[in-house]
Amino acid sequence: MPKQVNVLFVIPPYFNLDDFISKDRTNVLPAFTMPYGVLSLDAYIKARCEASVETAILDLNVPLAQILGQPGVSQDQVLAMLNNEVAKALTCFQADIVGVSALFNSSFRYIEDIATVVKQALPNVLVTAGGGLPSAAFDRMLGYCPSIDAVCKGEGEIPLADLIDTDDRSALLESHQSWITRSGLAVGKQPGHTFVQNLDDIPPLDYRTIDLNHYNSRSIDKRYIGMKKREMAIHTSRGCPFLCVFCSNPSLHGRAVRTMSVDRVEAEVKRMRDEFGLTVLMIEDDHFFHDKERAKDVLRRLIDLDIRIEFPNGVAVYAIDDEVAELFAKAGVSTVALAVESGSDYVLDHLIKKPLKKKLIKPAVEALRRHGVQSHVFIVIGLPGEMDEHRQETLEMMIDSGFDWAHIYCAIPIFGSRLYDICADNGYIENSNPLDFINTKSVIRAPGVDPDAIADIAYHMNLVANFVENHNMKIENYSTAIKYFKNVCEKYPDHAFGQYFLGMACKLSGMDLASADKCMKKFNEIVASDEWWRSKAVKYGLLKSPVEG
């Protein structure tokens, strides 16, 4: 009879708690996405291990989002709640191995607390860490988190299966190329990847292990807000050959691209639709168009499935031509996020090292629009060496290209990225304590880059591109504009520009004058009581200045 091994996966918070406690007006609500990597581990070890494996998944982002919606919650209360959730999970599930799965820098601050709670409850349990953050920062993770026993480098399916099946876990952790411990660090061990080369070898994921209702708001196409849907994600490939400066993907998945077969993609999506009610498919590949012919074959297979599709992670602009845009439309793709990052050829070529020319951006957007596919854009500002003129070029590109929405981020030196190495080597990171890393805030001070100024510029670009120069307003596509502005106002009721432009869109559409009056009343209340918003309204021409008035 095979031995029984119980594995508890814990996903720490991946967004900045402090912003929400302090009600920072520039905070960004996270897009909750299903823990696809953990689900892949779960499916693999259950199918491939000789041992009998039972698992449980605790995603701490779910209760955290719920408690942050309550008024007057303190940071201490939130942290205590998180610890209680971990302790409660351990009373319900007697774990032999606990795996903490963390993607982002901002999760660092929570990991030791989680591991400590585990060790207090079950002193002999093996506590491991994996995912993008521990994989890239394994030495810091073991240094700052004494309750973590070992870290997995890169993808964890095979290393975790090997750990479960061994009769001597301590020996395997020292000998396995993908596991690293403190004793391994002490003798100079450098962990390496152990990849599943054929992604078809990963069994179908068991979505019953999570509550899918918690992961139903990832969609970036705001025209469908309020409609019944079931969002689910798929990663049809892993790896990316590029070395964009801010990306840490190669440290986790490597640069060689590995794929599911087209048959497997089709079968998996059909199963998601038929067994779990999928209506919106999120294709979350890092580089879906690595093999353009394969990508087109995947789209052709999805045409008859009667689902809606989005690409929320960003696709390569150079791959989009009229044929691809038409295939998108036929397959049910409603919105594509374009991985542009900058509107400056200098920044793209010399700083990011991205294989993209600015002249390709607008034709791609126009091709998508001809076929009824919306385009979003990802922009990153604040890279060392980027100057004001480059950021102005980027803003002008956004206005000229006609995106439906822009997502503007401050450059963050993520562990495992070239940007982190550049910043660390040159002393550009203002606070190098990994426990203080925040995903949404600029921490880089370098030539041409002041972190406070970069945050202000990012918000300025957001107000201009998404509100003042909103493309759908310009082309009188008010129904779409209303959906996007309404989404802003529902998330941030005191967003003055959201209220103003929602009111204007309702008024100009001629269909909802009552809502227009309501929004304008709310706008006037906000600017009357909030000097910051009032100054922005004057600056961008929504209000007359006191001198003019």
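The values are calculated or read from the model by the stated rules, or taken from the named source; none is laboratory data. A quick note: this is a predicted structure, and the numbers were derived from the prediction, not measured. Cβ: placed from backbone, ideal geometry, glycine included. Neighbour counts: every protein chain shown.
Observations
- Test for residue 151: is it aliphatic (A, V, I, L, M), modelled with pLDDT of 95 or more and in contact with a Pro (Cβ under 6 Å, 6 or more places away or on another chain): yes
Rundown of residues vs (1) closer than 30 Å to residue 73 by Cα; (2) at pLDDT below 70, yes/no style:
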site	(1), (2)
3	no, no
15	yes, no
21	yes, yes
25	yes, yes
29	yes, yes
32	yes, no
35	yes, no
39	no, no
46	no, no
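- Every residue from the range 310-324 that is more than 13 Å from residue 289 (Cα to Cα), buried (at least 16 other Cβ atoms within 10 Å of the Cβ) and over 17 Å from the mean Cα position of the chain (by Cα): none
- Across the range 372-401, the number of residues qualifying as buried (at least 19 other Cβ atoms within 10 Å of the Cβ), over 22 Å from the mean Cα position of the chain (by Cα) and farther than 19 Å from residue 457 by Cα comes to 1.
- Just so you know, in the range 325-350 the residues that are within 13 Å of residue 364 (Cα to Cα) and out of contact with any strand residue (DSSP E or B) (no Cβ under 7 Å at 6 or more places or on another chain) include one that is surrounded by the most Cβ atoms within 10 Å (Cβ to Cβ), and it is 325.
- For residue 180, the test of being farther than 17 Å from residue 139 by Cα and either surrounded by fewer than 20 Cβ atoms within 10 Å (Cβ to Cβ) or not hydroxyl-bearing (Ser, Thr, Tyr) (or both) is failed.
- Tabulated pairs, the range 470-492, first closer than 15 Å to residue 399 by Cβ, second in a loop (DSSP other than H, G, I, E, B), C-beta under 7 angstrom, 6+ apart or interchain: 471/402; 471/403; 471/404; 472/404
- Taken over the range 432-447, residues that are under 20 Å from residue 418 (Cβ atoms) and either modelled with pLDDT of 85 or more or exposed (fewer than 15 other Cβ atoms within 10 Å of the Cβ) (or both) amount to 6.
- Test: residue in the range 503-516 that is at pLDDT 95 or above, of a type outside the set (A, V, I, L, M, F, W, C), under 31 Å from the mean Cα position of the chain (by Cα) and not in a helix (DSSP H, G or I): no
- Where a residue in the range 140-159 is farther than 16 Å from residue 112 by Cα and its partner, wherever it lies, is of a type in the set (A, V, I, L, M) and surrounded by 24 or more Cβ atoms within 10 Å (Cβ to Cβ), with Cβ under 6 Å and at least six apart: 154/252; 156/41; 157/41
- Test for residue 415: is it modelled with pLDDT of 95 or more and among the aromatic types (Phe, Trp, Tyr): no
- Filtered residues of the range 64-104 (kept if part of a helix (DSSP H, G or I) and among the charged types (D, E, K, R)): 76, 85, 88
- The criterion of at least 3 residues that are free of Cβ contacts under 8 Å to residues at least 40 places away in the same chain and of a type in the set (D, E, K, R) is met by the following helices (runs of 4 or more DSSP H) wholly inside the range 232-319: 262-276, 292-302.
- Selection of the range 38-89 for residues being among the polar types (S, T, N, Q) and crowded, with 16+ Cβ neighbours inside 10 Å yields 40, 55, 61, 83.
Let's see how each residue does on (1) within 21 Å of the chain's Cα centre (by Cα); (2) aromatic (Phe, Trp, Tyr):
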residue: 124; (1), (2): no, no
residue: 128; (1), (2): no, no
residue: 133; (1), (2): yes, no
residue: 141; (1), (2): no, no
residue: 144; (1), (2): no, yes
residue: 150; (1), (2): no, no
residue: 157; (1), (2): no, no
residue: 161; (1), (2): no, no
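- Subset of the range 268-295 (residues that are charged (D, E, K, R) and buried (at least 17 other Cβ atoms within 10 Å of the Cβ)): 268, 273, 284, 285, 286, 294
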